[in-house]
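Inspection log for the structure reproduced underneath, given as structure tokens.
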Amino acid sequence: GRARAVVELLSARLNRQKNSPAVIPPTIAQIRQVAKARNATLVEYSVIDEENLYIWVVQPMGAVTARSVDLKPFLESPKITLADYVRRVRAKGIGTRGVGLAPTSLPQPNADLKALHQLLIDPIADLLPTNPNDRVIFIPQGALFLVPFAALQSAQGEYLIQKHTLLTAPSIQVLELTQTRKPSNASASLIVGNPTMPKLVLVPGEPAEQLPELPGAEVEARAIAELLKTSALIGDRATKATVKDQMQKSRLIHLATHGILDDQRGIGSAIALAPSSGKLTASSESDDGLLTAEEILDLKLNADLVVLSACDTGRGRITGDGVIGLSRSLISAGTPSVIVSLWAVPDAPTASLMQEFYRNLQQNPDKAQALRQAMLTTMQQNPSPRDWAGFTLIGAAE
């Protein structure tokens, strides 16, 4: 019956990646235990036949509810997949911090965000908590991992983040993994902003080009470092070698730079840092300035939180269990909470949002609530979801 279906669809979603724990399908009891331990409502999405969306909701006290939604009215044509539909919505939310991307705006109100709310949220709205401080953890499948859940808009025009405290996770196993991690014994904070950019081949067959500077990321990093009473690594100081070393000694890691996508392999996704040699070259793997998801897997991280304030850091190879990329590697390396971007986030609003996030975090250790309040504050000055909804918290709230 439905209980068996829940077990089958909520299990075996964590790939056998290097350094990843062995996959053991969870039982209903384990799934309920995760919901109870997290004190959260779990929402699992699954597309099996491209015609129906299946949604399972596991409430903190253990109730499990399964519902299905007919996709045909939303996709308009048999040739349009759910992934196509998500891409159409995202296309209107792409910002400015990205290689070769021009600024765009997201019109208000957004009919696509309302339609996506109707598809993903309306069928289960009665099962979600009424207290906005109660946590809702979305466990999407495939392209749904790139949905800006915070920006989904009800028919009345209310954004989802205004009603709920939100997190995401690739799988139940990832939530269990972050739950069992011991508190960090590190105390340092690593803040990186606008490193001297490496060179990268942006167009196959063309010469390597230096990635553009991110002056807004530098302002962001300096402001956050001042708030946290530390200094930021900027420009030539933010070498790959230095950052890798300090990442393993830090309790909090904030990286404001470019994120490089590898939609095919995932583990080739990278964070742009200054070449260790100080030269703008990609001739040496160790000195190329690109810290890849594969290299992150080899690190032993003690950080309670890693924030990737860069473009598209939440993206990677889309598989049945979510995104294999930077976020998964960081969690596998020992970090329970990762904040990543879902698109090329714009500089100025992002700097404001991040400063507000850290101010909130100093008052309240709940990372999900700190991010929610930062979004609500940023929304007042920058109402376009492109400016405030581009980040998601993956893993643990505390």
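The values are calculated or read from the model by the stated rules, or taken from the named source; none is laboratory data. Remember, it's a predicted structure, so these values are computed and weren't measured experimentally. Here the Cβ is made from the backbone with ideal geometry for all residues, glycine too, and neighbour counts use every protein chain on show. Surface accessibility is based on the protein's heavy atoms, side chains included, excluding ligands, DNA and RNA. Shrake-Rupley method; radii C 1.70, N 1.55, O 1.52, S 1.80 Å.
Here is a yes/no grid of residues against (1) open to solvent by 40 Å² or more (accessible area, probe 1.4 Å); (2) over 23 Å from the mean Cα position of the chain (by Cα):
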{"site": "P198", "(1), (2)": "no, yes"}
{"site": "L211", "(1), (2)": "no, no"}
{"site": "K229", "(1), (2)": "yes, yes"}
{"site": "T239", "(1), (2)": "no, yes"}
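I want to confirm something. Restricting to region 144-178 and keeping residues that are of a type in the set (A, V, I, L, M) and free of Cβ contacts under 8 Å to residues at least 60 places away in the same chain, which single residue is surrounded by the fewest Cβ atoms within 10 Å (Cβ to Cβ)?
Of all residues in region 144-178, those of a type in the set (A, V, I, L, M) come to 144, 146-147, 150-152, 155, 160-161, 166-167, 169, 172, 174-175, 177.
With the extra rule that they be free of Cβ contacts under 8 Å to residues at least 60 places away in the same chain, the set shrinks to 152, 155, 160.
On the way: L152: 27, A155: 9, L160: 24.
Residue satisfying both the conditions and the ranking: A155.
In this structure, does P349 turn out to be farther than 22 Å from N185 by Cα, open to solvent by 10 Å² or more (accessible area, probe 1.4 Å) and of a type outside the set (G, A, S)?
Details: farther than 22 Å from N185 by Cα: yes; open to solvent by 10 Å² or more (accessible area, probe 1.4 Å): yes; of a type outside the set (G, A, S): yes.
Yes: the conditions hold for P349.
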Modelled with pLDDT of 85 or more, more than 27 Å from E209 (Cβ to Cβ) and crowded, with 24+ Cβ neighbours inside 10 Å: does that describe A274? no
Are any residues in region 302-319 at pLDDT 90 or above and open to solvent by 10 Å² or more (accessible area, probe 1.4 Å), and if so, which ones? N302, D304
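Here are some residues: R67, R4, R32. Which one is at pLDDT 85 or above and part of a helix (DSSP H, G or I)? Explain how you work it out, then say what you get.
Working: R67 fails: part of a helix (DSSP H, G or I); R4 fails: at pLDDT 85 or above.
Among R67, R4, R32, only R32 is at pLDDT 85 or above and part of a helix (DSSP H, G or I).
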For L144, the lone unmet condition from (1) assigned to a helix (DSSP H, G or I); (2) under 13 Å from I394 (Cβ atoms); (3) touching a Phe, Trp or Tyr at 6+ places or on another chain (Cβ under 6 Å) is (2)
G95, sole failed condition from (1) at pLDDT below 80; (2) surrounded by fewer than 16 Cβ atoms within 10 Å (Cβ to Cβ); (3) among the small types (G, A, S): (2)
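In this structure, is G334 at pLDDT below 85 and surrounded by fewer than 24 Cβ atoms within 10 Å (Cβ to Cβ)? It would help to see each step written out before you state the result.
Values: at pLDDT below 85: no; surrounded by fewer than 24 Cβ atoms within 10 Å (Cβ to Cβ): yes.
When the stated conditions are applied, G334 does not pass them.
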When A256 is run through (1) more than 24 Å from L146 (Cα to Cα); (2) small (G, A, S); (3) modelled with pLDDT of 85 or more, the failure sits at (1)
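Of the residues I137, I224, which is assigned to a helix (DSSP H, G or I) and either modelled with pLDDT of 85 or more or open to solvent by 10 Å² or more (accessible area, probe 1.4 Å) (or both)? If you could, list the steps in order and put the result at the bottom.
Numbers: I137 fails: assigned to a helix (DSSP H, G or I).
From the options I137, I224, the qualifying one is I224.
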Leading residue by the ranking (nearest to R32 (Cα to Cα)) among those in region 153-209 that are of a type in the set (V, I, T) and in a loop (DSSP other than H, G, I, E, B): T180
The number of residues in region 179-196 that are open to solvent by 10 Å² or more (accessible area, probe 1.4 Å) and either of a type in the set (G, A, S) or free of Cβ contacts under 8 Å to residues at least 12 places away in the same chain (or both) is 7
